[in-house]
Protein chains: 2
Amino acid sequence: MTAEIIAIGSELLTPFFQDTNSLYLTEKLNELGVDVAFKTVVGDHRDHLTAAARIALGRAEILIFMGGLGPTEDDLTRECVAAALGRAVHRDPELITQLYTRFAGLRRKMPENNERQADVVDGAEVLPNALGTAPGQWIEHEHEGARRYILLLPGPPHEIKPMFDEQCVPRLRKRLPRRFIATRVLKIAMMGESDVDHRAAPIYRRFLDVQTTILAGAGDIQLRFSARGESLQAAQARVNELSGLLEDEFEDHVYSTQGESLEQIVGYYLQMRGANIAVAESCTGGLLGERITRVSGSSRYFVGGAIVYDNEMKTLFANVPPMLIAQYGAVSKQVAEALAVGIRDECRATIGVGITGVAGPTGGTEEKPVGLVYIAVADGKRTEVVERRVPGDRDRIRWWATQQALDLVRRMLM
Amino acid sequence: MTAEIIAIGSELLTPFFQDTNSLYLTEKLNELGVDVAFKTVVGDHRDHLTAAARIALGRAEILIFMGGLGPTEDDLTRECVAAALGRAVHRDPELITQLYTRFAGLRRKMPENNERQADVVDGAEVLPNALGTAPGQWIEHEHEGARRYILLLPGPPHEIKPMFDEQCVPRLRKRLPRRFIATRVLKIAMMGESDVDHRAAPIYRRFLDVQTTILAGAGDIQLRFSARGESLQAAQARVNELSGLLEDEFEDHVYSTQGESLEQIVGYYLQMRGANIAVAESCTGGLLGERITRVSGSSRYFVGGAIVYDNEMKTLFANVPPMLIAQYGAVSKQVAEALAVGIRDECRATIGVGITGVAGPTGGTEEKPVGLVYIAVADGKRTEVVERRVPGDRDRIRWWATQQALDLVRRMLM
């Protein structure tokens with residue numbers, strides 16, 4: 001079973017906006033055993049939209065139209081889809097009443113063109129929209145002897161998601177052949193994509209019935225597995241078997257097996273140990289603290305720290321001796337260590353982290369080139385430091401440094 | 001003149017990957033006077049891709065195919081586009097030599113299937129790829145009496161961008177009717193979208209020849225103008241006239257007229273005044289420091305500061321009296337002020353910023369609900385504080401707080 005997702009709106013054909021709903025819908029469709037075969041973006045243009053609907057009708061079984069259901073003249077989805085299906089549109093009196101009631105509730109007068117939102121394709125089921133004025137529509141249609149499911153859904157993400165989950169998924173599940181799909185994700189820190197693939201491929205290639213996808217970020221690799229089976233248990237068993245083999249292969253490089261972020265995992269470990277953490281950041285300028293505090297409840301284990309951008313701040317907040325900076329330079333193993341030890345002492349934390357480096361693009365020298373970073377973690381007994389030359393731009397270098405810091409903390413707590 | 005952008009790759013039909021090249025290409029095409037009428041995503045599937053190429057041929061004048069030019073069996077763009085055009089493919093001996101030379105330079109043996117990358121559609125011009133092994137192709141084709149420009153380009157962003165800019169834009173410019181397009185962007189901080197639109201619409205609606213687009217983020221609105229004219233001066237004059245009227249309307253809410261970010265503008269002002277800045281962040285956890293230091297060269301005016309997540313850190317690093325926290329609570333006007341004044345003193349900076357709030361989703365109370373934030377800025381003469389209840393999730397609340405902080409600093413420096 002295949003689907004085509006059609007996003008409607010001239011703004012989606014400018015350099016400024018991008019459809020993101022389709023990623024969400026694809027995930028949900030895949031769970032139903034449906035593959036997305038095509039995605040189309042088309043403007044608010046009668047001929048273009050009608051033709052796109054005709055094309056989709058000929059090449060996919062589930063057609064999802066997103067957007068173009070509003071009250072303005074530009075909102076053409078209803079009439080163009082109807083035209084492509086050879087059906088008419090009628091104005092639904094019950095929907096008109098609902099629209100007027102809704103506006104009355106907001107104590108506003110409804111502009112007359114809003115009545116367009118009560119237009120329904122002949123034979124369609126109306127999908128109520130609790131979060132907006134534009135209802136969706138569910139249409140079943142015979143096309144050249146084959147069944148088509150056609151969904152008209154609103155464009156705003158906070159409207160389309162609940163409408164799809166609550167009203168479309170159950171309808172599709174009832175009509176599609178029953179499929180069981182199991183998924184799993186392994187996350188690996190601080191290994192390169194080609195390294196991971198080189199070691200993982202001989203293993204996942206043996207699982208022809210499991211689909212493996214590798215997603216690579218800076219210092220972060222995700223291995224995603226998905227399998228279909230005759231029962232959920234059978235599918236899950238295959239996914240778990242592959243996942244288990246790869247966990248053995250990558251051992252402590254694997255930081256997460258249930259979808260958790262690295263920040264969350266570090267938080268779990270800290271709480272498990274009854275420990276807390278403080279940071280002293282130079283080139284990352286606050287990014288490590290920001291990442292740790294993305295996790296709600298991080299106040300249980302994150303005390304805070306210092307952004308020691310200026311050298312005097314390294315001394316003021318983390319007690320780094322000025323002599324040390326003068327002797328080795330601010331970007332050095334010694335200063336990273338002193339930052340980790342110093343901020344730990346100052347904040348009386350269990351663990352201290354120090355980061356210093358050259359994020360670029362300017363400020364590099366032959367001896368201390370752009371991308372050189374030192375990351376240190378101290379727990380009072382030992383201090384570990386990593387020196388690395390990170391390729392890429394300022395953003396990537398800074399991200400990578402915080403990723404390395406979180407992974408060092410994780411390993412120290414393991 | 002209209003274009004269709006076709007992204008090829010089965011991974012672009014999963015929940016994990018999204019085409020982003022098309023936004024870049026759209027911007028460049030718009031500058032040439034070309035509108036993008038359709039965007040299509042299709043998998044590595046022979047029939048699907050050939051049919052999509054045929055459809056595009058019938059509905060757009062410029063066809064841009066991205067991806068599917070690699071060496072594997074899945075890379076089908078060359079042969080499928082050729083089939084849609086009714087042309088053959090030949091293996092170019094010169095390209096084969098280049099491929100072998102490239103691999104020899106890397107001291108690697110070239111796998112034989114790599115020769116596929118030397119396949120060229122009959123009549124196509126080869127576009128050399130300095131940054132990868134897959135060359136692009138430029139094809140001019142007559143379709144039902146009309147000229148089509150067909151571009152085959154590699155998928156990786158760092159390969160497609162220079163190839164399009166350096167090899168395709170000049171070719172298109174030579175062949176397309178000469179257009180002059182002027183653009184401009186006004187950025188406005190700390191106003192709501194509907195507020196901005198309510199005041200801006202009566203003005204921009206009078207400029208029928210200027211296209212106005214409003215982009216709204218948290219505490220950040222961009223008004224983008226674009227006009228075509230018989231000369232660049234004429235187009236620029238219209239855009240500037242509208243922009244000038246809106247600058248008058250919004251006065252000091254406008255922080256940028258040349259595309260600069262708020263972080264950059266704050267950096268300019270600080271340098272102009274010979275001033276520097278220090279921050280004390282509670283609920284934002286380092287995000288303000290991180291934003292300020294996104295700007296390369298920010299070490300000239302950013303000294304650093306403290307992440308005062310834990311209450312003791314507020315005292316340790318920013319000298320906030322524990323009594324003050326006990327009396328008013330950590331999330332209070334008084335503590336925000338004390339943070340700004342304290343971090344300024346500690347760091348001996350010209351300007352100090354203090355942020356405290358409830359980022360949620362947990363930790364809110366009736367008196368101090370989720371979203372309540374206090375932002376204070378001190379320059380030694382005065383201290384300004386803003387109290388605001390920010391709607392939205394943790395990310396949005398934290399972003400908004402740093403946006404407000406940067407805007408307060410900007411206003412204090414103006």
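The values are calculated or read from the model by the stated rules, or taken from the named source; none is laboratory data. Fair warning: this is a prediction, and the values are worked out from it, not measured in the lab. Neighbour counts run over all protein chains shown; Cβ positions are idealised from the backbone, glycine included. Accessible surface is based on the protein model in full, side chains and every heavy atom, while ligands, DNA and RNA are left aside. Shrake-Rupley method; radii C 1.70, N 1.55, O 1.52, S 1.80 Å.
Things to note:
- Rounded Å value of the spacing that divides the Cα centres of segment A:251-315 and segment B:294-339: 18 Å
- P(r) tail, segment B:350-414: Cα-Cα pairs separated by more than 19 Å, 32% of all pairs.
- Solvent-accessible area lost in complex, 50 Å² minimum, residues of segment B:8-38 relative to chain alone, 1.4 Å: B:Leu13, B:Pro15, B:Phe16, B:Phe17, B:Gln18, B:Leu23, B:Phe38
- Heavy-atom accessible area, 1.4 Å probe, ligands and nucleic acids excluded: residues of segment B:271-288 down by at least 10 Å² from chain alone: B:Gly285, B:Gly286, B:Leu287
- Principal-axis tilt of helix A:333-347 within chain A, Cα atoms, nearest 10 degrees: 80 degrees
- Helix B:262-272 and the longest principal axis of the C-alpha atoms of chain B enclose an angle of approximately 60°.
- GNM result for chain B, Cα springs below 10 Å: residue of B:Phe16, B:Phe164, B:Phe180 fluctuating most strongly: B:Phe16
- Carbon plus sulfur fraction of accessible area for segment B:137-209, probe 1.4 Å, in percent: 48 percent
- When GluC sites (Glu not before Pro) are flagged only if DSSP places them in a loop and at most 12 other Cβ atoms lie within 10 Å, the longest unflagged stretch of chain B comes out as B:231-365.
- Reciprocal mean inverse distance between Cα atoms of chain B - Kirkwood radius, Å: 25.2 Å
- Gaussian network model of chain A, Cα within-10 Å springs - most flexible of A:Ser332, A:Ser194, A:Ser243: A:Ser194
- Computed accessible area, B:His48, all protein chains, 1.4 angstrom probe, square angstrom: 40 Å²
- The fraction of accessible area contributed by carbon and sulfur in segment A:262-413 is 48 percent, rounded to a whole number (1.4 Å probe; ligands and nucleic acids excluded).
- Helix B:93-105 and the longest principal axis of the C-alpha atoms of chain B enclose an angle of approximately 40°.
- Projected onto their three principal axes, the Cα atoms of segment A:2-175 cover extents of 45, 37, 31 Å, largest first.
- Taking N as its residue count, the alpha carbon Rg of segment A:180-256 over 2.2 N^0.38 Å: 1.05
- Think of segment B:283-414 as a dipole: +1 on every Lys or Arg Cβ, -1 on every Asp or Glu Cβ, centred on the Cα centre; then among B:Val320, B:Leu408, B:Ile355, B:Leu408 lies furthest on the positive end.
- Per residue value of the accessible surface for chain A (all protein chains in place, 1.4 Å probe), Å²: 43 Å²
- Among the chymotrypsin sites (Phe, Trp or Tyr not before Pro) found in segment B:193-276, not one is both in a DSSP coil and sparsely packed, with 10 or fewer other Cβ atoms within 10 Å of its Cβ.
- More than 29 angstrom apart: percent of Cα pairs within segment A:262-413: 10 percent
- Proportion of all alpha-carbon pairs of segment B:18-119 beyond 22 Å (%): 43 percent
- Projected-area mean, the protein assembly as shown, by convex hull of Cα positions, square nanometres: 38.5 nm²
- Buried solvent-accessible surface, both chains (A, B), 1.4 Å probe, Å² to nearest 100: 5000 Å²
- Of all the options A:Lys381, A:Lys174, A:Lys161, the one that moves most in a Gaussian network model of chain A with Cα springs shorter than 10 angstrom is A:Lys381.
- For q = 0.18, 0.21, 0.28 Å⁻¹, Debye-computed log10 I/I(0) when each Cα of segment A:279-353 counts as one equal scatterer: -0.64, -0.84, -1.31
- Which listed pairs, of A:Lys161/B:Lys161; A:Lys333/A:Lys368; A:Lys187/B:Lys109, have C-alpha distances above 23 Å, in listed order: A:Lys161/B:Lys161; A:Lys187/B:Lys109
- Evaluated at q = 0.11, 0.14, 0.27, 0.28 Å⁻¹, a Debye calculation over the C-alpha positions of segment A:4-68 (equal weights, vacuum) places log10 I(q)/I(0) at -0.25, -0.40, -1.21, -1.25.
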